[in-house]
Amino acid sequence: VQGTGGSSAVSKCSAAARGYIQDRFLRLLAGRRRRRAPLIHRGYYIRARAVDHCVQDFLLKTQSLPRTQILSLGAGFDSLYFRLKDMGLLHHTVVYEVDFPNVARQKAALIKRMNELSALVGDNGGEGLGAITFSGEDYKLLGVDLSELSELERALEEAGLNNEVPTLFIAEVVLTYVENTRSDALIQWAAEHFPRACFLLYEQVHPEDPFGRVMQQHFSQLNSALHSLAQYPDCEAQQRRFLGRGWTECSVMDMNEFFTCCIPEDEQQRVQTLEPFDEYEEWHLKCSHYFVLAASKGMEPSWTPLLPRVAVPRRAGPVGMAASVPAAACAGLSGIPGLRRYGHHSVLIKPNVILTTGGFGEEDGQHCRVRNFHVLSKRAGYWKAVCVTQNVPDKRWGERLYHTVSCLSDTLALVVGGRTSPSSAGLGTLWLKFPETCNASDPDNVAVELASLQPAAEAAALRWRHSTTEITFKGEQYLFVYGGRSALEPVLGDWYFLHARELSHAVIAVEGPVPESRHSHSACGWEGGVLIAGGLGAAEQPLGSVFLLRELEHGFQWQTIETHPPLVPRYSHTAHVHEGKLLLVGGVWFHASSVPGITVIDLTTGLCLDYGINVEHLEWPLMLHNHSSVFLPDEKELLVIGGGGNCFSFGTHLNPEPVSLSLSSILISH
């Protein structure tokens, strides 16, 4: 548990070095320095921002009072006191910090050693008295085990904490490491002993969904299990916890809601452009698994730091599931490392034969961008997969992620776009050529050949997280390339009609209201047109719109498809059309009480039904984002290949094997 404080200080320090947070004291307190990944930077940014937002609100609301106190529980190597002091916000506030005795001693030694720190705090020599390891005029550092409440109470009394003064308690990922009976007792003690008090809590939530299971496993392996989660699994339970223990007001937000509602738009945009970033799924999942809670009692005026800056429509209650669909691991496909990947693409190249390419995953015993292709085929009810080497193992393939593959004939497919790193340009187009007999028993090689787009069409392929859909217009075959993002544009809303044979850009008239720009959406061909659903929009917000690009005599027209109830906004899902129904598979949404399963939209009536996925026969968490899926209409079987991602600092989770979903119960033919 003590180790978690040190690593979080290093992560905050790295975020400050990249400009996410302004804090010159972190580098003095963190000790070692390490550059963290952009996803970690964002995670620690939102944490620091939530705590600062509430602390500064407390100081603002109490600035006319003669004296206030802040008590930071499990403060570790946090720089809060020094930052507030430097900003001139502690005119009449004393800050008390508590942590394990050896952590407090280490921090005290650091402060004494660093002139920049000791000059701010001013050492008045009070240490050595009981648990006090450092004492300044408005700063006291105490070494006490938080789980021993009577010891804590005695130490705070000795250090001069005054119960009658308005006090803000801060617990930033601390109480969850303490047994629930003890943390509950501390929450109740604070309410009972301090007539005017506020409590700020920041910690984890939603332990039972796939991301939550990976998160729990990570902390268990660190020998720092998260105790709160079993008893308080969601924000509502945490709210009840405080209201039932003497606090009269309590508001709570997960971090997706906090980022959207409490951070000004210009600041959101600043953070989103600080460094190349392409891990939206893991960012939003991280944010849905952490919350900030503000509780108070006896405060006049009342303390409500979590009032939204903008009103965001909140869904009433959890997403209702009409029923569930059974998931089963595919016996013949287990133990094939190359199928553990994400950001790849799978395409049906002939009945019951699938080609999977690209992405990030396991190859030769390590995590990397996957070079090899895989062919999967089904015979006599059983799946088989084989790794296929490319005829030309050179730079042409480019080890790409987030590309599309469109099968144009029995022997030919076109790869459009994709990326290596998010700071590099899109990767253009390639032909994939395979023998007509290609299957998992007799795979043969897949030849990779450069495909040259005509100059006017080149921009169509310099993108990723886009969609490419085969359409026929006036008897000619075209590929409709839509949306996505590029190294320069975080979201694209343009489209191209590529003539399939000549790879030229065809100008075809499109009328009607243009959909807002998006990437990570889904696209399916239907009745000569294209269905676009969901996606991530310009402000990194999931979209819930469904559009049909409908064929007219002289061109196409954008039409909105109204769904009822409205489709829950999502992105990073896959989609298929079957007998007038649009099937959306998985994805990421902000509604954290459940994860997306299968959504069925009746394209005639607009009726929208959500179905859960029954994973009781899977021994591992099924992450349904960054996956690929192929629908086999005859058996009404959906094969999900790959999926997962880099789960914040908790490690990479790759779905270990493909999963078969039987949809026959929800696709009863009319």
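Odds and ends about this structure:
- Size descriptors for segment 333-416 (Cα atoms only): Rg and Dmax, in that order, 12.6, 38 Å.
- Rg and Dmax of segment 1-77, based on Cα coordinates, read 14.1, 44 Å.
- Note on residue 105 and residue 668: their simple-model spin labels are 7.1 nm apart, each label 7 Å out from Cα toward Cβ.
- Aspartates and glutamates whose Cα lies under 15 Å from that of residue 140, excluding same-chain neighbours fewer than 8 positions away: 78, 97, 99, 123, 127, 153, 157, 158
- For residue 148, the solvent-accessible surface with a 1.4 Å probe is about 70 Å², rounded to the nearest 10.
- Annotation for segment 329-380 versus segment 75-143: alpha-carbon center distance of 55 Å.
- Probe 1.4 Å - accessible area at residue 470, Å² to nearest ten: 80
- Label point 7 Å beyond Cα of residue 409 along Cβ direction - residues of segment 423-442 with amide nitrogen under 18 Å: 430-438
- Charge dipole (segment 249-356, unit charges on Cβ, about Cα centre) - positive-most of 290, 347, 332: 332
- Diffusion of segment 134-269 by Stokes-Einstein, at 37 °C in a medium of 0.692 mPa s and with Rh set to the Kirkwood radius over alpha-carbon pairs, works out to 195 µm²/s.
- In this simple spin-label approximation, residue 231 and residue 65 carry label points 7 Å from Cα along the Cα→Cβ vector, and these lie 2.8 nm apart.
- More than 17 Å apart - percent of Cα-Cα pairs taken over segment 538-670: 63
- Net charge over other residues, Cβ less than 12 angstrom from the Cβ of residue 548 (K, R count +1; D, E count -1): -2
- Only the Cβ atoms of Lys and Arg (+1) and of Asp and Glu (-1) were treated as charged; on that basis the dipole of segment 37-297 about its Cα centre amounts to roughly 480 debye.
- Entries in 12/297; 12/85; 61/85; 433/581; 286/384; 85/107 that, when Cα-Cα distance is taken, lie over 29 Å: 12/297; 433/581; 286/384
- Carbon plus sulfur fraction of accessible area for the chain, probe 1.4 Å, in percent: 50
- Distance from segment 190-224 to segment 240-298 (C-alpha centre basis), Å: 14
- Each of 558, 574, 596 was placed along the dipole of segment 556-639 (beta-carbon charges, centred on the mean Cα), and the one lying farthest toward the positive end is 558.
- FRET efficiency, 1/(1 + (r/R0)^6) with R0 60 Å, evaluated for residue 148 and residue 489 via beta carbons: 0.60
- Neighbour net charge for residue 382 - beta-carbon separation under 13 angstrom, K R +1, D E -1: +1
- The per residue volume of the convex hull around the alpha-carbon atoms of segment 420-516 is 140 Å³.
- Remark on residue 373: its backbone amide H falls under 5 Å from those of 388, 390, a criterion applied only to residues 5 or more positions apart or on other chains, H modelled at 1.01 Å from N.
- Principal axis extents of the C-alpha atoms in segment 37-297 (largest first, rounded to whole Å): 50, 40, 39.
- Phi to ³J(HN,Hα) by Karplus 6.51 cos²θ - 1.76 cosθ + 1.60 over segment 601-611, Hz, x for Gly, Pro: 10, 7, 6, 8, 9, x, 5, 10, 10, 9, 10
- Dipole of segment 37-297 computed with +1 at Lys/Arg Cβ and -1 at Asp/Glu Cβ about the Cα centre; of 223, 276, 206, farthest Cα towards the positive end is 223.
- Computed Rg/Rh of the chain, alpha carbon atoms with Kirkwood Rh: 1.03
- Given their separation in residues at 0.36 nm each and the Cα-Cα distance between them, residue 273 and residue 24 gain 87.5 nm when the chain is fully extended.
- Qualifying aspartates and glutamates (Cα of each under 12 Å from Cα of residue 636; at least 8 residues distant if same chain): 579
- Rounded to the nearest 20 debye, the dipole magnitude of segment 246-375 is 520 debye, with +1 charges on Lys and Arg beta carbons, -1 on Asp and Glu beta carbons, and the Cα centre as origin.
- Cα centre as origin, Lys/Arg/Asp/Glu Cβ charges: the chain dipole, Debye: 1180
- Estimated vicinal HN-Hα couplings, Hz - segment 88-101 in sequence order (Karplus 6.51, -1.76, 1.60; Gly, Pro = x): x, 9, 10, 4, 9, 10, 9, 9, 10, 10, 10, 7, 3, x
The values are calculated or read from the model by the stated rules, or taken from the named source; none is laboratory data. Source: prediction; values computed, not measured. Heads up, the Cβs are rebuilt from the backbone with ideal geometry, glycines too, and the neighbour counts pull from every protein chain shown. Calculation scope for accessible area: heavy atoms of the full protein, side chains included, ligands and nucleic acids excluded. Shrake-Rupley method; radii C 1.70, N 1.55, O 1.52, S 1.80 Å.
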